[in-house]
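Have a look at the structure below, then the notes.
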Amino acid sequence: MTIPSHTRGFVAPRADGGPRSRRARLFVDGAWIDGAGGTRPVLDKYSGETIGEVDQASREQVDGAVAAARRSFERTVLDPQQRYALLMNTAALLEQHRSEFAALITAEGGMPIADATAEAARATQTFIVSAEEAKRLSGEVVPIESAPGHAHRMAFTIRVPRGVVCGITSFNSPLNVVAHKIAPALAAGNTVVLKPADVTPLSATRLFELLLEAGCPPGHINLIHGPGPELGPWLVENPDIAFFTFTGGTNVGLWLRERVGLRPVALELGSISPTIVCEDADLDRAATRCAASRFRRAGQMCTSTQRLFVHSDVVEAFTLRLVQAVRALKVGDPHDAATDVGPMISEREAVRAESWVREAVAGGARLVEGGRREGALLYPTILADVQRSMRVMSEEIFAPVLSIVPFTSFDEALEAVNATPFGLAAGLFTRDLTRALSAARRIHVGVVHLNEASSSRADLIPFAGVKQSGVGREGPKYAMNEMTEERLITISLT
């Protein structure tokens, strides 16, 4: 496999004079620089071979990135039309380089090439939607004249950028989650310091090159790399960061929120997402979509269906269809266009998920399908006869493992769906519109998909969790509201 090479931050000569290789450097204060903390290898998640290296930032470099973003925010102001043009130019470049990004995502993230290509296309859309919203960002008229004694006054609000936005992203979507941090922040008039996942830094680094090529003021975007446990405290302790937007685990999100003080945050965190299949559901549709929801991207999506509640009248028929759908999935090399399920992010994570499956089976669960592991490849696994107390039901497994739970009462199913500390997304399959809309009010999650599985998403929609699945909203329009302050202005006419 060959990934095109590019200069500047992404490609660097080897010290021994050998061929140039992919290297994710830092971009701080308008310059590509080497990390003071040395480099670490970046691995192909399927083959295990080294495909590049990533620089490690020091505390001084992290502080330098924040300071540069703060200066650029104060000195270089882009008007809405300039923001629109910048983001549209970036979108055009992303589309032009879609195949390159797909290859990068597959190599560093293990995502099957078909899904990686879709990921690159979605990132393009994220920039386009953000560009459009840059021209529409506005406040509202406030009817102050209707208040007693204020007939002589007018009032309205405006949206004001917060300043430096710090984006911290996860490994499972190495391009589009990065786009969801950067594009809305720039669209709203902010500057950015980005820390991508340390195991998937290449896509973000290449994106920074495209942003600069598109005309982004160099100080507006700053890129740092390094382990989260090391860089995280340095970022949180820096008072010049005005807003944090984080995608990752709940424990880290809770840690972050406890330490940022009164500064606002947007946290997209973990879940054990449910989908419900009722007795009147289209079983073929439900089986196909549930299989895709759980097993595409090796189950490493926070909205992937982990708990599948199926009415007892159809659980046998549905399970047969689900098994057929799963057996039709090809597991293996993500670089192969025919592959549906690739490796997990590491063999260590696959071993952990496998141990949870074995623990459940030892506790009485029945292995319906799968359970086999080859290195970082964990084959799609279906469990039945599970108990709520099992880790496969009570904790986020983030792996291609799905548990089927039969129910007889719809109220019983809703109670079980809500009986967790998480609340990100849910799916419901039924032909009964009244039941569907009633359930949408009762299921305590941020997003409810009717006649879709829990992981159905478009990038322009508001996306948010409740409970321990997060705070704040993503989706360009909604993220831009989070990333701006609403300021009231009044005018006295007499």
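Any read-out appearing in this document is the output of simple, stated calculations on the displayed coordinates, not a laboratory observation. Since we're looking at a predicted model, the values are computed, not measured. Cβ: placed from backbone, ideal geometry, glycine included. Neighbour counts: every protein chain shown.
Overall, the ratio between the Cα radius of gyration of the range 194-240 and 2.2 N^0.38 Å, rounded to two decimals, is 1.27. Take each peptide in 143-156, 223-236, count the other Cβ atoms within 10 Å of every residue, and average; sorted highest first, the result is 223-236, 143-156. Pull up the DSSP beta bridges for the chain and report the antiparallel fraction as a percent, rounded to 5. So the antiparallel bridges in the chain amount to around 45 percent. Relative contact order, whole percent, for the range 333-451 stands at 17, derived from Cα pairs under 8 Å and 6 or more residues apart. Applying a length cut-off of 30 Å (Cα extent along the axis) and a mean Kyte-Doolittle floor of 0.0 to the DSSP H helices of the chain leaves 113-134.
Look at where the Cα atoms of the range 154-216 and of the range 71-149 average out, and the two centres are 8 Å apart. When +1 charges are put on Lys and Arg Cβ atoms and -1 charges on Asp and Glu Cβ atoms, the dipole computed for the chain relative to its Cα centre reaches about 460 debye.
Compactness ratio for the range 263-355: Cα radius of gyration over 2.2 N^0.38 Å (N = residue count) comes to 1.26. Amide H contacts of D385: R366, each under 5 Å away and 5 or more positions distant or on a separate chain (H built 1.01 Å from N in the peptide plane; Pro and chain starts excluded).
Once the convex hull of all Cα atoms in the range 136-258 is built, its volume per residue stands at 158 Å³. Taking only the Cα atoms of the range 378-450, the ratio Rg/Rh comes out at 0.97, with Rh defined as the Kirkwood radius.
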